[in-house]
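Asks: Sending over a structure as structure tokens; questions will come in a sec.
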Amino acid sequence: MTNDNKRGFYRLQFTHPLLADAKLIGFDGLELDYKMVKAALLDLSAGGARFYTDAPFPDEGNLLVELRFMALGKEFRLLGLVVRTIRPVEEHYEYCVQFSLDEADTAALTSIVNQMSIKLRKTPVLSNCSFATEEELLAFMPLRSHSS
């Protein structure tokens, strides 16, 4: 039996998306007008995240994104490179980022992800995290059926 999971970190999949701000920092070495869009995190690890956005990113390579969200009372601002773009449905923008974290930030995020995983076994939403409300999820039309 082989293990096809090549991830270096445990990946927490959310039953209810975590709301974040995604700030485009730049691409291909060119400065981009700083642009902020709403993102719904579908899963999170110390190595990266997968999320939907309410608007598309530019169709370019090497996009650098800062994800800002609250998890267990701590605000995170994580930089990552978009490594995959998925558009399985029209008007549905899904991205995967790989984080660029130092050892201390990796350890802190690993701890938070593990703590959230344990707490989320009892309830799908935690009060001290930036989980999206049903109203906020309206911006992410494909998620309405996902979260129901």
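The values are calculated or read from the model by the stated rules, or taken from the named source; none is laboratory data. These numbers come from a predicted model, not from an experiment. We place every Cβ from the backbone using ideal geometry, glycine too, and count neighbours over all the protein chains shown. Keep in mind that these areas ignore ligands, DNA and RNA; they rest on the heavy atoms of the full protein, side chains included. Shrake-Rupley method; radii C 1.70, N 1.55, O 1.52, S 1.80 Å.
Asks: Which is open to solvent by 70 Å² or more (accessible area, probe 1.4 Å), touching an Asp or Glu at 6+ places or on another chain (Cβ under 9 Å) and closer than 22 Å to Leu138 by Cα, of Arg68, Arg77, Arg87? Steps first, answer last, please.
Replies: Details: Arg68 fails: open to solvent by 70 Å² or more (accessible area, probe 1.4 Å); Arg77 fails: closer than 22 Å to Leu138 by Cα.
Residue meeting the stated conditions: Arg87.
Asks: Evaluate the range 28-44: report whether one residue or more is of a type in the set (Asp, Glu), open to solvent by 30 Å² or more (accessible area, probe 1.4 Å), in contact with a Lys or Arg (Cβ under 9 Å, 6 or more places away or on another chain) and at pLDDT 85 or above.
Replies: At the first step, the residues of the range 28-44 found to be of a type in the set (Asp, Glu) are 28, 31, 33, 43.
Checking the rest, the ones that are also open to solvent by 30 Å² or more (accessible area, probe 1.4 Å) come to 28, 31, 33.
In the following step, the residues that additionally are in contact with a Lys or Arg (Cβ under 9 Å, 6 or more places away or on another chain) were identified as none.
Among the residues of the range 28-44, not one is of a type in the set (Asp, Glu), open to solvent by 30 Å² or more (accessible area, probe 1.4 Å), in contact with a Lys or Arg (Cβ under 9 Å, 6 or more places away or on another chain) and at pLDDT 85 or above, which makes the answer no.
Let's see how each residue does on (1) modelled with pLDDT of 95 or more; (2) of a type in the set (D, E, K, R); (3) on the phi < 0 side of the Ramachandran plot:
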site: Phe57; (1), (2), (3): no, no, yes
site: Arg84; (1), (2), (3): no, yes, yes
site: Glu90; (1), (2), (3): no, yes, yes
site: Ala107; (1), (2), (3): yes, no, yes
site: Ser145; (1), (2), (3): no, no, yes
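Asks: What number of residues within the range 108-131 are assigned to a loop (DSSP other than H, G, I, E, B) and of a type outside the set (Ser, Thr, Tyr)? Outline the logic, then answer.
Replies: Looking only at the range 108-131, we keep the residues that are assigned to a loop (DSSP other than H, G, I, E, B), and these are 120-130.
Filter once more, keeping what is of a type outside the set (Ser, Thr, Tyr): 120-122, 124-126, 128-129.
Of the residues in the range 108-131, 8 are assigned to a loop (DSSP other than H, G, I, E, B) and of a type outside the set (Ser, Thr, Tyr).
Asks: Restricted to the range 1-27, and to residues that are modelled with pLDDT of 60 or more and among the charged types (D, E, K, R), which residue is nearest to Thr110 (Cα to Cα)?
Replies: So in the range 1-27, the residues modelled with pLDDT of 60 or more come out as 6-26.
Still in the running and among the charged types (D, E, K, R): 6-7, 11, 21, 23.
Working: Lys6: 17, Arg7: 13, Arg11: 10, Asp21: 20, Lys23: 22 Å.
Among them, the one singled out is Arg11.
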